[in-house]
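Trainee: Let me give you the structure first, and then I'll get to my questions.
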Amino acid sequence: MANYTFTTPRVLERGSGGHRLFQFYNRSVGVSVAKTAAGAYISLRFPNEDDVATYLEFYQGGSKHTVDDTQKAAIIAANIGVTESNFVAQ
């Protein structure tokens, strides 16, 4: 069974505010991925610390994680914005 390095998805955020300089400020923010008690994978922009303890699997956004073939296939099949490009063979 092969292992993969899983990099969570990212979204581009813009600064908020009325000044025109905010239009030039962008940052890439990681999106967390979790497996619920029901067995479904979900994506989370702002995970709640209390909820994190209830997930069967949790992949913090903006981080790299090691997963196996089964986890990789399940995360991609969940259709939550994760593709083959989020994984690199180890």
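Read-outs: derived from the displayed coordinates by stated rules, not from any lab. None of these values were measured; they are calculated from a predicted model. Please note: Cβ atoms are built from the backbone with ideal geometry, for glycine as well, and neighbour counts cover all protein chains shown.
Trainee: What number of residues within region 37-49 satisfy the criterion of being touching a strand residue (DSSP E or B) at 6+ places or on another chain (Cβ under 6 Å) and touching a residue at least 24 places away in the same chain (Cβ under 8 Å)?
Mentor: So the count comes out to 3.
Trainee: Hey, another quick one. Within region 14-90, which strands (runs of 3 or more DSSP E) (wholly inside it) include 1 or more residues that are among the polar types (S, T, N, Q) and surrounded by 10 or more Cβ atoms within 10 Å (Cβ to Cβ)?
Mentor: 26-30, 32-35, 41-44, 64-68
Trainee: Could you pull out the residue among Y59, Y25, Y55 that is within 23 Å of A89 (Cα to Cα) and aromatic (F, W, Y)?
Mentor: Being within 23 Å of A89 (Cα to Cα) and aromatic (F, W, Y) holds for just one of Y59, Y25, Y55, which is Y59.
Trainee: Moving to a separate point now. Tell me, please, whether a residue that is out of contact with any Ser or Thr (no Cβ under 8 Å at 6 or more places or on another chain), in contact (Cβ under 8 Å) with a residue 24 or more places away in the chain and of a type in the set (S, T, Y) can be found in region 50-64.
Mentor: No - not one qualifying residue is present in region 50-64.
Trainee: Still on this structure, I have one more. Pull up region 1-13, narrow it to residues that are part of a loop (DSSP other than H, G, I, E, B) and more than 13 Å from the chain's Cα centre (by Cα), then point me to the one that is nearest to S63 (Cα to Cα).
Mentor: Only one residue fits best here, namely A2.
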